[in-house]
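The values are calculated or read from the model by the stated rules, or taken from the named source; none is laboratory data. Here the structure is a predicted model, which is why all the values come from computation and not from measurement. Here the Cβ is made from the backbone with ideal geometry for all residues, glycine too, and neighbour counts use every protein chain on show. Each accessible area value is taken on the protein alone, full model and side chains, heavy atoms only, with ligands, DNA and RNA left out. Shrake-Rupley method; radii C 1.70, N 1.55, O 1.52, S 1.80 Å.
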Amino acid sequence: DEERDRRNVFDIGLLANRLAAASRWAREQPEFHDLPIGYFGASTGGSAALVAAARDHTIAAVVSRGGRPDLAGDALYNVSAPTLLIIGSRDPDVLALNRGAFLQLRSVKELVVVPGAGHLFEEAGTLEEVIGHTVRWCGRYLGAERFEQVTEDLPFADRRAAGRRLAERLRHFKTSRPLILALPRGGV
């Protein structure tokens, strides 16, 4: 029912609460209890990841792809997790919003601009760059050093295929025991 109401895509509090609930659930599972948790969010999911991380200082890393961190508001000041903002060079409005939010973050942070990428990163090779930067960040801050070994070209047809490919690649790190929770674009 929530998904049918388009306004919920911009309800950052609702999205952050859902992500926090998923984190609580994961910590209650014996097989996930001791794993570091990282958040990956796209579009408004990026701001929800930041709000959820601002409330939970055990979150080990945050990646926002084409996100709207400005919608996280004052929560940006309270994010302690290392945060990577990835934006396309052909998305000037969102790029400006990310640069402003970047200045407000007090955690370890990095802002990456992917050349030739629009808001949805649908241009050839741009999602591969997102994956490479995400793998590098997760490898550094989730303690899974082997993440950085997966940087070869990963061609795919669309965002859905990219997500499946990323999930396949992350499964390889199961023995490193990271836990990554993702909010799909527009997902609740």
- What strands (runs of 3 or more DSSP E) completely inside region 1-101 contain at least 1 residues that are of a type in the set (D, E, K, R)? 61-65
- Scan of region 48-65 for residues that are farther than 15 Å from ASN17 by Cα and buried (at least 24 other Cβ atoms within 10 Å of the Cβ), ordered by number: ALA61, VAL62, VAL63, SER64, ARG65
- With respect to GLY45, determine if the residue is modelled with pLDDT under 95, open to solvent by less than 10 Å² (accessible area, probe 1.4 Å) and at positive phi. no
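Given the structure, is GLY116 in a loop (DSSP other than H, G, I, E, B), under 26 Å from ALA20 (Cβ atoms) and either open to solvent by 10 Å² or more (accessible area, probe 1.4 Å) or not β-branched (Val, Ile, Thr) (or both)?
Spelling it out, it is not the case that GLY116 is in a loop (DSSP other than H, G, I, E, B), under 26 Å from ALA20 (Cβ atoms) and either open to solvent by 10 Å² or more (accessible area, probe 1.4 Å) or not β-branched (Val, Ile, Thr) (or both).
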- Message: Here is a list: ARG68, ARG7, ARG27, ARG18. Which entry is closer than 15 Å to ILE180 by Cβ, among the charged types (D, E, K, R), open to solvent by 20 Å² or more (accessible area, probe 1.4 Å) and at pLDDT below 95?
- Response: ARG27
- Task: Please list, ordered by first then second residue, the pairs with beta carbon atoms under 8 Å, 6 or more apart or interchain, first in region 17-34 and over 19 Å from SER47 (Cα atoms), second surrounded by fewer than 11 Cβ atoms within 10 Å (Cβ to Cβ).
- Result: ARG27/HIS33
- Task: Report yes if GLY139 is farther than 20 Å from LEU181 by Cβ, without any contact (Cβ under 8 Å) to a residue 40 or more places away in the chain, part of a helix (DSSP H, G or I) and under 16 Å from the mean Cα position of the chain (by Cα), otherwise no.
- Result: no
